[in-house]
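Structure first, commentary second.
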Amino acid sequence: MTEYNNRQEFEMGHWPDLRQAFNNLVQLVWSDRELSEQFKQEIFTMASYASGCQHCQSHGAFHLNAMGVETERIRAIWEYETSDLFSDGERAALDLVRAAAQIPNAATPEHFEKLRKYFTNTQIIEILAVNSAAAWLNRWNDTIATVTDQESVDWATENLTDVGWHIGKHTGDDSEQRKAHPINMGWIKERTAKDE
């Protein structure tokens with residue numbers, strides 16, 4: 001297998017204006033609107049699963065854990081179709097996200113027909129915005145095989161291996177390794193209880 005030498009040279013931080021613009025977009029997409037922050041993070045995790053980005057799957061799952069979401073619910077994202085932890089409306093949203101995150105895109109008019117039973121147009125736009133922001137991160141991180149932080153790897157290895165998660169190509173040597181998830185490094189603004 002070919003090594004991803006010097007992959008850190010291609011991280012978004014090397015173009016600070018781009019990173020800031022994308023961070024602003026992420027903050028807007030995850031801002032308080034009609035869908036909960038938890039559900040948006042679940043959508044992100046499903047989009048990452050459907051696109052095949054193991055790095056973003058572990059980040060999404062770990063972020064949910066950091067928000068206080070029960071491990072059983074997080075694990076159930078991988079089996080949402082049959083899990084009684086998700087409502088019919090949540091399943092309809094995750095169906096669209098899973099289809100839309102694939103290449104080629106597998107979303108159909110039927111997905112939207114089903115979604116309209118449970119969500120307003122504004123809420124559907126929020127679902128699409130999260131899915132699209134996830135797509136950016138999935139493509140970037142999966143392309144350069146971003147090294148996943150040890151905190152996310154440890155949590156995902158312990159809790160998600162038996163539902164199909166594995167680190168894959170997102171390993172690296174000690175010089176590339178971050179020890180903590182971005183939320184614990186101050187890269188992601190953590191919401192306070194009064195914000196919710």
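Going by C-beta contacts inside 10 Å, put S48, S132 in order with the fewest on the left.
On the way: S48 27, S132 14.
Going from sparsest to densest Cβ surroundings: S132, S48.
Which Cα, out of F22, G60, I74, lies furthest along the positive dipole direction of the stretch 1-140 (beta carbon charges, K/R +1, D/E -1)?
My answer, from the dipole projection, is F22.
Report ³J(HN,Hα) in whole Hz for each residue of the stretch 70-80, in order, from the Karplus equation J = 6.51 cos²θ - 1.76 cosθ + 1.60 where θ = phi - 60°; Gly and Pro get x.
5, 4, 4, 5, 4, 4, 5, 4, 5, 10, 4
What are the trypsin sites (Lys or Arg not before Pro) within the stretch 84-122 that DSSP puts in a loop, where the Cβ has at most 15 other Cβ atoms within 10 Å? Mind dumping the intermediate values first?
Details: sites: R91, R98, K114, R116, K117; in loops: R116, K117.
Those satisfying the criteria are R116, K117.
Which order results if W15, W30 are arranged by neighbouring Cβ count within 10 Å, fewest first? Kindly include the intermediate steps, with their values, before the conclusion.
Details: W15 12, W30 20.
Arranged by neighbour count, lowest to highest, W15, W30 become W15, W30.
Quick one: Karplus J couplings for the stretch 101-118, per residue in order, coefficients 6.51, -1.76, 1.60, θ = phi - 60°, nearest Hz, x for Gly and Pro?
7, 7, 10, x, 4, 10, 5, 10, x, 4, 4, 6, 4, 5, 4, 5, 6, 10
The numbers here are math on the coordinates, done by the rules we state, and not lab data. Since the model is a prediction, treat every value here as computed from it, not as a measurement. Backbone-built Cβ (ideal geometry, glycine too); neighbour counts: all protein chains shown.
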